[in-house]
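Below you'll find the structure, written out as structure tokens, and then a few comments.
Derivation of every value follows stated rules applied to the coordinates shown; laboratory data play no part. Keep in mind that this is a model prediction, so the values were computed, not measured. A quick note on method: Cβ atoms are made from the backbone with ideal geometry, for glycine too, and the neighbour counts reach across all protein chains shown.
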Amino acid sequence: MISSETGLPVWGHDYYSNLVIWTVPMALTNQSITEFVAEGGLVDRMIKAAR
């Protein structure tokens, strides 16, 4: 949850900090979220590699 007064997280910072990590590869490859999670995209390749 984000404070409407400060714009900062009301509790904890780790969730938002970790979420930003996923935007870096998308930005560097100029991909939308749809492209990023599509079959053959980075998320798909990571899941397949983990199996």
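Summary of values
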| quantity | calculated |
| --- | --- |
| Ile2-Glu39 pseudo-label distance in nm [points 7 Å out on the Cα-to-Cβ vector] | 3.5 nm |
| Computed [θ] at 222 nm, deg cm²/dmol, the chain (DSSP H ≥ 4; -39,500 (n - 2.57); rounded to nearest 500) | -16500 deg cm²/dmol |
| Shape metrics for the chain, restricted to C-alpha atoms - Rg then Dmax, Å | 14.4, 44 |
